[in-house]
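Data first, discussion second: the structure below is written as structure tokens.
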């Protein structure tokens with residue numbers, strides 16, 4: 001994803017909560033692409049623009065989205081639970097529901113991957129398959145609309161208030177490690193001009 005003139009830079013691994021929220025914008029974007037291709041293509045032959053959009057969306061949810069889920073379930077949520085504070089109880093209940101939704105989304109992602117890959121390989125989808133693809137995408141859009149709202153508006157702000165800077169830095173370090181990217185501590189300038197943009201784009 002190239003940075004456009006006038007567009008603010010993506011958050012870095014030193015800003016893990018902002019980076020997680022930034023990843024949500026990618027989830028929304030790629031779900032929108034899936035919905036648009038399904039509606040426009042109707043199971044028929046895809047033009048170059050539609051094919052590239054479908055390939056990009058499938059690749060995102062196959063490769064990048066699982067890392068985002070791990071960022072939350074393996075790095076952020078456990079640190080919030082470890083606080084064991086009364087003020088965190090409501091947030092903990094939210095996290096349980098969010099983890100259930102991650103599980104719920106799984107079969108829909110698998111179905112979208114299977115049907116989308118078939119469309120790319122065979123050139124067309126049957127009427128039954130394109131209806132199924134649209135149903136799975138619609139379910140994911142509805143699920144993530146609520147899911148992302150809770151994380152962006154409740155869980156991430158609570159983490160910002162409750163977690164120490166060292167804990168947030170550890171979250172960022174683990175996010176960088178999942179992507180094979182360096183973690184440059186705040187206050188240290190990178191000697192490689194390419195390091196920072198790469199870490200930005202690795203947020204997906």
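The values are calculated or read from the model by the stated rules, or taken from the named source; none is laboratory data. Here the structure is a predicted model, which means the values were calculated and not measured. Virtual Cβ from ideal backbone geometry, glycine too; neighbours counted across all protein chains shown.
In the stretch 59-73, which residue that is more than 24 Å from residue 158 (Cβ to Cβ) and in contact (Cβ under 8 Å) with a residue 60 or more places away in the chain is surrounded by the most Cβ atoms within 10 Å (Cβ to Cβ)?
So the residue we want is 60.
Limited to the stretch 166-204, what total is found for residues that are part of a helix (DSSP H, G or I) and modelled with pLDDT of 55 or more?
13
As an exercise: evaluate residue 35 against (1) at pLDDT 95 or above; (2) closer than 29 Å to residue 159 by Cβ and give the number of the one condition it does not meet.
(2)
Against the definition (at negative phi, under 14 Å from the mean Cα position of the chain (by Cα) and either surrounded by 13 or more Cβ atoms within 10 Å (Cβ to Cβ) or not in a helix (DSSP H, G or I) (or both)), how does residue 18 come out, yes or no?
Yes, satisfied.
I'm trying to understand the selection: among the residues of the stretch 155-165, which are assigned to a helix (DSSP H, G or I) and exposed (fewer than 15 other Cβ atoms within 10 Å of the Cβ)?
Of everything in the stretch 155-165, those that are assigned to a helix (DSSP H, G or I) and exposed (fewer than 15 other Cβ atoms within 10 Å of the Cβ) turn out to be 157, 160, 161, 165.
Could you please let me know if residue 105 is surrounded by 13 or more Cβ atoms within 10 Å (Cβ to Cβ) and within 19 Å of residue 21 (Cβ to Cβ)?
yes
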